[in-house]
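These notes are about the structure you will find just below.
The values are calculated or read from the model by the stated rules, or taken from the named source; none is laboratory data. It should be emphasised that the depicted structure is a prediction, and the values quoted were computed from it without experimental measurement. Cβ atoms come from the backbone with ideal geometry, glycine included; neighbour counts cover every protein chain shown. Accessible surface areas use protein heavy atoms only, side chains included; no ligands, DNA or RNA. Shrake-Rupley method; radii C 1.70, N 1.55, O 1.52, S 1.80 Å.
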Amino acid sequence: MSDIARGGQFLVTETKCEDIFTPEDFSEEQIMMRDSVKEFIDREIWPNKDRFEKKDYAFTEESMRKAGELGFLGVAVPTEYNGMDMGFVSTMLVCDYISGATGSFSTAFGAHTGIGTMPITLYGTEEQKQKYVPKLATGEWFGAYCLTEPGAGSDANSGKTKAVLSDDGTHYKISGQKMWISNAGFCNVFIVFARIENDKNITGFIIENNPENGISLGEEEHKLGIRASSTRQVFFSETKVPVENMLSERGNGFKIAMNALNVGRIKLAAACLDAQRRTIANSVNYANERVQFKTPIANFGAIRAKLAEMAMSCYAGESASYRAAKNIEDRINARMAKGESHQDAELKGVEEFAIECSILKVAVSEDIQNCSDEGIQIFGGMGFSEDTPMESAWRDARIARIYEGTNEINRMLSVGMLIKKAMKGHVDLLGPAMKVAEELMSIPSFDIPDYSELFAEEKEMIVKLKKAFLMVAGSAVQKYGPELEEHQQLLMAAADILIEIYMAESTILRTEKLAKSKGKENVKEQIAMAQLYLYKAVDIVNDKGKEGIASFAEGDEQRMMLMGLKRFTKYTNLPNVIALREVIAAKIVTENSYPF
């Protein structure tokens, strides 16, 4: 597996465009699956958006059953448990296109297929899998995941729910309170986390939903968005659980929870993509129809700038999400080829790219919020009305920055996990960081490089942005050592640099690959989106770099690092941002859709 990419390595290695997977690489089977999902959403979900907004929980359950009948709930489940056993990229694809119409259905789908089913598939005994997974894969049963408690949110391992072994040793008695449980109102089985005695870590259990067994539900929560996603508190009062329903081993619950969140994070990024495509399409449809000052507002530069940047962010999200998904799939397949079980291979494959999962969760969840916000602005006063789809899209988008670990937690995790990987020798950060330190002491070259090749300067800028991260993060690690985790604002600044590097590089590599296959003239809009994204990323890196440097460096050290940052964020040929936006907007307005 030495030739297969490792998580976090993108920061210190050069990736060639031929080595990444892009949406243009979908197989015929994947395209057929995508089209089937889109047809289902356009037929069953989109025309009924008002039912979701009116909190029709029964309709959410009905729609989930239909998705189960079509096989969509079992795409990630092995065939021996009534699933379709599709690869990781295909499961991302289904999650992407099934999630665009409404956050209510997207949340129900994600909670069931991800954290509701996956822990049993990946951690369950054969008996547990045979008993539960086939029913979950077909939609005969639905799953829910009980981790969060009133006093245990981001600090998931601090839960107070107790599991007490019975005197005869045949079962545990579970007592405690869980909150914000998606699908609670119609689920048949819960994945529940509780603490046995005074164990350091929580333990997972599979518990069937039986009100006569000490299980009761709170009322449906009334939420800002995802209104028809059933969300309730769940109360356990000496609920009896057979010992054979312990999930994995005693004390392994925290690990199960964290690995489930890794998968959930990258799938959440995918779940935000088609929502962006639909928001862009609705926005440009309206902009082409809405006439002010005797011209469609789509002709106004202020509106065209919004459409261009909405499309740019969506395109970047697609590029990075499917790049990471294929990296994970390759890692899983390589492990299985060496004889590992499906369970172990998938767990390790996803865990390997936990950094990228956190990056994507943050970046794409914030992009869908910005996209829906600009959608409201394009609609103007009508965007604020429930009669248009914009206000529900905005409300639904808001939760994405909170669940699967808040974006603040994920920012700090991305940098923290990268540093841990470096300490384990999985990613060499020290060597490249020392080279950057040496470069800062040298006299820069004043030669004008040859940038005649497509993306020659852009790829050099990516290299320089990586140096900026290594300079800031490397100096911060040197200064604070293990205490760095206490400096959360510094970590957040470093994370923003890391995020922009991965997203910008992914976008440029996808577009370079596309240009080689279709010709530059045929993908000029994609080239413009890649260049525009990088331009904006450079600004963020410069801003966050200064913020970070000023927080821990003083005097000559600070001046030298600020000079280095200026060197690492300086263009030779500054792009014409207004012209780039116009290239992108012209295509969107003409096609009256998101056409990429």
Single unsatisfied condition, GLY100 versus (1) farther than 17 Å from GLY349 by Cβ; (2) part of a helix (DSSP H, G or I): (2)
Members of segment 385-413 found to be open to solvent by 20 Å² or more (accessible area, probe 1.4 Å) and hydroxyl-bearing (Ser, Thr, Tyr), listed by number: SER385, TYR403, THR406
Restricting segment 437-460 to residues that are touching a residue at least 60 places away in the same chain (Cβ under 8 Å) and either touching a Leu at 6+ places or on another chain (Cβ under 6 Å) or among the hydroxyl-bearing types (Ser, Thr, Tyr) (or both), the residue that is nearest to ALA537 (Cα to Cα): GLU458
Segment 116-164: number of residues that are buried (at least 20 other Cβ atoms within 10 Å of the Cβ) and among the acidic types (Asp, Glu): 1
Of all residues making up segment 282-291, the number that are open to solvent by 20 Å² or more (accessible area, probe 1.4 Å), in contact with a helix residue (DSSP H, G or I) (Cβ under 6 Å, 6 or more places away or on another chain) and either part of a helix (DSSP H, G or I) or hydrophobic (A, V, I, L, M, F, W, C) (or both): 2
Any hit, segment 271-281, residues being in contact (Cβ under 8 Å) with a residue 60 or more places away in the chain, under 19 Å from MET503 (Cα atoms) and outside any helix (DSSP H, G or I): yes
Answer from ARG278, ARG232 - the residue that is farther than 30 Å from ILE297 by Cβ and of a type in the set (Lys, Arg): ARG232
All positions within segment 111-143 that are assigned to a helix (DSSP H, G or I), over 19 Å from LEU261 (Cα atoms) and among the aromatic types (Phe, Trp, Tyr): TYR132
Positions within segment 192-208 being assigned to a loop (DSSP other than H, G, I, E, B), open to solvent by less than 60 Å² (accessible area, probe 1.4 Å) and in contact with a Leu (Cβ under 9 Å, 6 or more places away or on another chain), in sequence order: ILE202
Within segment 537-570, tally of residues that are out of contact with any helix residue (DSSP H, G or I) (no Cβ under 7 Å at 6 or more places or on another chain), surrounded by 14 or more Cβ atoms within 10 Å (Cβ to Cβ) and in contact (Cβ under 8 Å) with a residue 60 or more places away in the chain: 1
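Starting from residues that are among the aromatic types (Phe, Trp, Tyr) and surrounded by 17 or more Cβ atoms within 10 Å (Cβ to Cβ), keep the ones in segment 1-48 and report whichever is farthest from LEU73 (Cα to Cα).
Applying the filter and picking the extreme gives PHE10.
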Matching residues, segment 118-145, being among the aromatic types (Phe, Trp, Tyr) and touching a Phe, Trp or Tyr at 6+ places or on another chain (Cβ under 8 Å): TYR132, TRP141, PHE142, TYR145
Residue within segment 311-323 that is open to solvent by 30 Å² or more (accessible area, probe 1.4 Å), at pLDDT 95 or above and under 25 Å from ILE499 (Cβ atoms) present: no
Among residues of segment 414-454, those that are in a loop (DSSP other than H, G, I, E, B), surrounded by 14 or more Cβ atoms within 10 Å (Cβ to Cβ) and among the hydroxyl-bearing types (Ser, Thr, Tyr), counted: 1
Test result for LYS240, part of a strand (DSSP E or B) and either of a type in the set (Lys, Arg) or surrounded by 23 or more Cβ atoms within 10 Å (Cβ to Cβ) (or both): yes
Matching residues, segment 364-384, being over 20 Å from ARG265 (Cβ atoms) and open to solvent by 60 Å² or more (accessible area, probe 1.4 Å): ASP373, GLN377, GLY381, MET382, PHE384
Residue check for SER182: in contact with a Cys (Cβ under 9 Å, 6 or more places away or on another chain), buried (at least 18 other Cβ atoms within 10 Å of the Cβ) and not charged (D, E, K, R): no
Some residue of segment 66-88 being under 17 Å from ASP42 (Cβ atoms), outside any helix (DSSP H, G or I) and open to solvent by less than 10 Å² (accessible area, probe 1.4 Å): no
Which numbered condition ASP167 fails, given (1) touching a residue at least 40 places away in the same chain (Cβ under 8 Å); (2) surrounded by fewer than 23 Cβ atoms within 10 Å (Cβ to Cβ): (1)
